Amino acid sequence: MTKMGIRDIIDELAAEGSITRRQVARLLKEYGAKDREYLARKAREVREKWYGKDVYIRGLIEFTSYCRNDCYYCGLRRSNEKAERYRLSGRDILGCCREGYALGFRTFVLQGGEDPFFDRDALSRLISSIKRNHPDCAVTLSFGEHPKEAYKEWFDAGADRYLLRHETANETHYRFLHPEWQKLQDRKKCLWNLKEIGYQVGSGFMVGSPGQNINCLIDDLEFLEGLQPEMVGIGPFIPHRDTPFAGENHGSSELTLVLLSIIRLMFPRVLLPATTALATISEDGRERGLLAGANVVMPNLSPASVRGKYRLYDNKICTGEEAAEAVASLKKRLARAGFGVVVDRGDFKRN
Ligand code: SAH
């Protein structure tokens with residue numbers, strides 16, 4: 001039997017939605033510029049079949065920068081004494097939503113460090129208020145690991161979706177990125193709990209985080225295949241100067257784009273953002289992400305006064321621009337690349 005070419009592997013992935021570990025390894029090791037373009041074209045075709053040229057926007061509200069965890073890569077880690085901490089009031093958050101609604105957002109993403117100040121009740125009340133003010137909007141939480149009962153309460157209060165990247169599905173690599181007491185098993189368990197409760201669930205990982213190799217990436221894809229998430233968030237790792245990984249290199253935007261395309265082909269209907277991290281290391285990262293198969297962007301709706309303090313990594317895009325200006329220029333840019341921002345909750349298409 002003659003050895004399969006990279007094109008054949010891409011064709012098989014596009015036709016079947018899955019390939020073997022060995023084929024993924026070959027694809028990731030051996031692709032060339034032409035293969036990359038071919039892969040992206042296949043991913044675009046699948047994206048267009050389900051979502052056309054539509055881009056869903058999510059209003060990101062970074063509601064607290066306090067965190068009890070200590071992930072070595074993250075600028076919000078508790079050991080970072082230089083981090084400026086803040087938390088938004090309920091009023092602030094509802095204000096962000098009101099402004100976002102007027103701009104056409106129909107999903108609000110509450111993202112934060114694991115800040116114990118926002119306990120079950122506090123967050124439930126907040127979710128209920130947002131849903132009361134905007135019954136036609138989806139609420140997404142991105143607030144880390146919590147007991148199943150807490151997830152359930154927030155779901156019952158009206159939360160629709162939950163983003164919790166698994167970060168890396170490889171045990172040894174997970175240990176390298178986190179302190180001993182943070183466990184991969186716990187993180188995975190949270191994801192399964194969220195699924196069971198009925199959330200639309202998002203997972204994902206960083207590309208090019210310290211210690212990552214191709215085997216880790218294959219583990220990541222395999223984990224996602226088992227989980228069958230409705231959303232997948234991936235972006236390049238970017239170092240933060242006040243973390244143990246300060247001196248590391250950032251992940252590659254090219255590899256991120258290749259992985260976006262692979263994920264689109266594995267999960268044809270998945271909600272897949274072109275992330276801020278990608279746009280941070282590459283000026284036209286958002287457009288390139290969409291052209292590689294992404295269909296979501298998550299502009300920042302946090303008040304301009306706190307945006308600079310939510311520093312996951314260095315040089316995170318944070319213009320002084322008001323949300324309205326930012327959305328207007330985003331729309332223009334995406335239109336130039338052939339895409340249209342829609343006013344829509346942008347739920348996962350079940351069938
Ligand atoms: N506390 C929440 C939200 C974390 S911030 C949680 O645990 O899910 C959202 C994501 O930013 C993280 O899941 C991580 O993948 C990413 N991130 C953190 N530090 C980063 C860095 N230095 N470079 C790139 N992405 C980073």
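Hydrodynamic analysis of the stretch 81-194 uses the Kirkwood radius over alpha carbon pairs. Inserted into Stokes-Einstein at 4 °C and 1.567 mPa s, it gives a translational diffusion coefficient of 84 µm²/s. With respect to the chain, whose longest principal axis is taken over its alpha-carbon atoms, helix 90-102 is tilted by about 50°.
When the P(r) is computed for the stretch 164-277, the part past 17 Å accounts for 54% of the Cα-Cα pairs.
Of all DSSP-defined beta bridges confined to the chain, some 5% are antiparallel rather than parallel.
Determine the relative contact order of the chain: mean sequence separation of Cα pairs under 8 Å and six or more apart, normalised by residue count, in whole percent.
On the way: 625 pairs, mean separation 85.4, N = 351.
Relative contact order for the chain comes out at 24 percent.
Based on alpha carbons, the Rg and Dmax found for the chain are 19.2, 66 Å. Dividing the convex hull volume of the alpha-carbon atoms in the stretch 243-344 by its residue count gives 118 Å³ per residue.
Considering only DSSP beta bridges with both partners in the stretch 1-148, what is the antiparallel share in %, to the nearest 5?
On the way: 1 of 11 bridges.
In the stretch 1-148, approximately 10 percent of DSSP beta bridges are antiparallel ones.
For the stretch 138-195, the spread of Cα coordinates along the three principal axes comes to 37, 19, 16 Å, biggest extent given first.
Can you pull a Stokes-Einstein diffusion coefficient for the stretch 116-160 at 25 °C (0.890 mPa s), Rh from Kirkwood over Cα pairs, as a whole number of µm²/s?
On the way: Rh = 10.6 Å.
Estimated via Stokes-Einstein, D reaches 232 µm²/s.
Taken over the stretch 287-335, the percentage of Cα pairs per 5 Å bin, counting from 0 up to the bin with the maximum distance, is 4, 18, 24, 22, 20, 10, 1.
The long axis of helix 253-266 is offset from the longest Cα principal axis of the chain by roughly 80 degrees.
Listed by chain and number, the lysines whose alpha-carbon sits under 18 Å from that of LYS49, ignoring those within fewer than 8 places in the same chain, are LYS349. Each 5 Å bin, from zero up to the one with the longest distance, holds this percent of the alpha carbon pairs of the stretch 83-145: 4, 15, 30, 26, 15, 8, 1, 0. By the beta carbon rule, with partners counted only under 4.7 Å, the chain holds these lone Cys residues: CYS67, CYS96, CYS97, CYS137, CYS190, CYS216, CYS318.
Per the 1.4 Å probe, what fraction of the accessible area of the chain, in percent, lies on carbon and sulfur atoms? Before the final figure, lay out each step's value.
Numbers: 7230 of 14780 Å².
Carbon with sulfur: 49 percent of the solvent-accessible area.
Put the Cα centre of the stretch 108-157 next to the Cα centre of the stretch 164-222 and the gap is 22 Å.
Any of LYS183/LYS316; LYS152/LYS188; LYS3/LYS34; LYS42/LYS316; LYS82/LYS189; LYS82/LYS316 with alpha carbons more than 23 Å apart? Name them for me.
Details: LYS183/LYS316 27 Å; LYS152/LYS188 17 Å; LYS3/LYS34 19 Å; LYS42/LYS316 31 Å; LYS82/LYS189 32 Å; LYS82/LYS316 16 Å.
Check vs 23 Å cut-off fails for LYS183/LYS316; LYS42/LYS316; LYS82/LYS189.
Sorting the Cα pairs of the stretch 203-265 by distance into bins of 10 Å, from 0 upward, gives 21, 52, 23, 4 percent per bin.
Relative to the longest principal axis of the Cα atoms of the chain, the long axis of helix 184-197 lies at roughly 80 degrees. Each residue of the stretch 1-72 gets 185 Å³ once the volume of the Cα convex hull is shared out per residue.
Using the Cα centre of the stretch 7-106 as the reference point, and only Cβ charges (+1 on K/R, -1 on D/E), how large is the resulting charge dipole? Debye, rounded to the nearest 20.
Working: 23 positive and 16 negative charges, 39 e Å.
Dipole about the Cα centre, nearest 20: 180 debye.
The values are calculated or read from the model by the stated rules, or taken from the named source; none is laboratory data. The model shown is predicted, which means the values in this text are computed figures rather than measured ones. Glycine gets a Cβ as well: all are built from the backbone with ideal geometry, and neighbour counts include every protein chain shown. With ligands, DNA and RNA removed, areas are computed over all heavy atoms of the protein, side chains included. Shrake-Rupley method; radii C 1.70, N 1.55, O 1.52, S 1.80 Å.
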